């Protein structure tokens with residue numbers, strides 16, 4: 001089977017799609033991977049054929065704010081979200097769509113597998129299903145679908161517990177719609193019109209769940225707020241971590257179990273200011289004698305981490321998570337969806353502190369699901385961090401809940417589920433093609449019978 005994988009050129013999206021690529025290759029499929037030039041070596045190492053995005057759809061993953069520099073200083077809020085929607089996603093649709101169409105001429109895929117934010121597939125999804133390959137999307141972020149309490153996504157609002165909170169959420173949702181969804185929707189539909197596609201009648205982020213032939217959420221049901229979702233949605237767990245991407249650090253032998261290990265990371269996107277989380281966490285735990293703090297800079301040089309390095313801290317640009325996570329007692333994170341789910345799959349409790357991108361909602365789920373503490377702050381103080389870490393280390397309920405989540409992940413055979421869903425899509429498409437073409441009169445007669 002020929003499978004085209006398409007991903008926006010950002011590590012949090014490419015990494016899980018590469019892990020899925022390895023599953024597809026191991027099953028004997030021919031895979032082409034369509035993403036940014038900066039990931040060519042990693043794609044080639046996976047065994048897939050690398051097909052670069054058009055230059056105007058690509059960006060430097062080390063400088064994600066190049067296209068929207070104002071977001072570096074813009075505080076989290078409605079304006080931040082609207083600008084991000086327009087610059088990072090809507091502005092890329094035309095070039096991504098053009099790239100996919102060009103790729104399909106050379107690589108006639110039986111199925112397309114995209115990450116949930118590769119909106120260049122949207123024009124195809126809005127068109128005739130008969131004229132395109134089946135499309136499956138992978139939820140590399142929280143499940144973008146309307147909530148039963150009416151709260152908008154991206155604001156970190158936990159599920160409403162009473163009518164007053166629902167009324168409060170309704171007011172927030174109206175303000176959100178006017179400030180974010182409506183202007184972004186108008187901008188989006190101008191883009192779609194220029195591509196000869198009709199208007200989208202739902203928010204951009206809902207469109208993946210609403211339109212894809214299958215939607216594979218890279219998590220487990222217990223980490224998602226309760227709601228009714230379309231039957232196309234499947235929770236498939238988290239893909240296995242790709243091993244051997246980076247070697248062991250020189251201090252690897254120190255993780256010998258004699259001290260609790262606290263891992264802190266700001267991921268690979270919201271790490272332009274390491275003072276937000278890494279620096280205060282190092283300071284917060286500097287005097288905790290029973291703790292070894294491990295900090296990863298998400299690909300940046302460790303010299304970029306400001307401030308003094310405490311004696312109980314160990315720093316690295318990147319770390320092999322397949323080696324590290326089994327040794328970690330607590331993860332302090334700004335809320336990257338992939339790393340949070342990986343941590344839970346190893347039974348690690350968490351402390352979340354981040355408000356940009358999807359991070360407020362990811363961290364809200366950390367608290368709601370019981371696997372950790374949400375500090376609900378983009379720049380927590382060292383006192384708040386110290387108190388949170390000690391609470392999670394010293395109160396067994398967080399470890400117990402994380403262990404339950406680990407069991408839920410372990411109950412899902414992620415490779416088998418992904419292969420089953422993709423195989424079913426291809427079979428459904430073959431069945432659709434074999435159905436006789438009926439005239440309008442014949443269709444009306446069939447309905448009447």
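Starting from the Cα of residue 166, step 7 Å toward the Cβ, then list every residue of region 224-239 with an amide N under 19 Å from that point. Residues 225-229 qualify, since their backbone N sits under 19 Å from the label point. Each Cα pair under 8 Å and six or more residues apart adds its sequence gap; the mean of these over the residue count of region 252-408 is a relative contact order of 23 percent. Considering only 381, 161, 238, the mean-square fluctuation computed in a Gaussian network model of the chain, springs between alpha carbons under 10 angstrom, is largest for 161. Short-range pairs are left out: with C-alpha atoms under 8 Å and at least six residues apart, the relative contact order of the chain is 14 percent.
Over the C-alpha atoms of region 221-288, the Rg to Rh ratio, Rh being the Kirkwood estimate, stands at 1.09. Going by neighbour counts of Cβ atoms within 10 Å, the residues 197, 14 line up, fewest first, as 197, 14. The long axis of helix 359-369 is offset from the longest Cα principal axis of the chain by roughly 80 degrees. With respect to the chain, whose longest principal axis is taken over its alpha-carbon atoms, helix 163-176 is tilted by about 70°. Using only Cα atoms and rounding to the nearest 10 degrees, what angle (0 to 90) does helix 11-26 make with the longest principal axis of the chain? With rounding to tens, the tilt is 60 degrees. Its Cα gyration tensor gives region 282-324 an equivalent ellipsoid. The semi-axes, each the square root of 5 times an eigenvalue, are 18, 14, 6 Å from largest down.
Report, in deg cm²/dmol and to the nearest 500, the calculated mean residue ellipticity at 222 nm for the chain, where each DSSP H run with n ≥ 4 adds -39500 (n - 2.57) and the sum is divided by the residue count. Mind showing how you got there, number by number?
On the way: 16 runs with 171 residues, N = 449.
Rounded to the nearest 500, it is -11500 deg cm²/dmol.
With r as the distance between the Cβ atoms of residue 390 and residue 248 and R0 = 35 Å, compute the FRET efficiency 1/(1 + (r/R0)^6) and round to 0.05. So the FRET efficiency works out to roughly 0.75.
Under Stokes-Einstein, with the Kirkwood radius over Cα pairs as Rh, the value for the chain at 25 °C and 0.890 mPa s is 107 µm²/s. Size descriptors for region 252-408 (Cα atoms only): Rg and Dmax, in that order, 13.8, 40 Å. Taking only the C-alpha atoms of region 363-432, the Rg (one decimal) and the largest Cα-Cα distance, Dmax (whole number), read 19.5, 61 Å. Taking 169, 215, 337 in turn, the Gaussian network model of the chain (Cα-Cα springs below 10 Å) assigns the largest fluctuation to 169.
Compactness ratio of region 1-140: Cα Rg over 2.2 N^0.38 Å, N = residue count? Working shown, then result.
Numbers: Rg = 15.1 Å, N = 140, 2.2 N^0.38 = 14.4 Å.
Ratio of Cα Rg to 2.2 N^0.38 Å: 1.05.
Residues 73, 191 in ascending order of nearby Cβ atoms (within 10 Å, fewest first): 73, 191.
Going from the residue with the fewest nearby Cβ atoms within 10 Å to the one with the most, 144, 29, 13, 34 rank 29, 144, 13, 34.
Since every read-out is calculated from the coordinates, none of them should be taken as a lab result. Not measured: the values here are computed from a predicted model. Glycine gets a Cβ as well: all are built from the backbone with ideal geometry, and neighbour counts include every protein chain shown.
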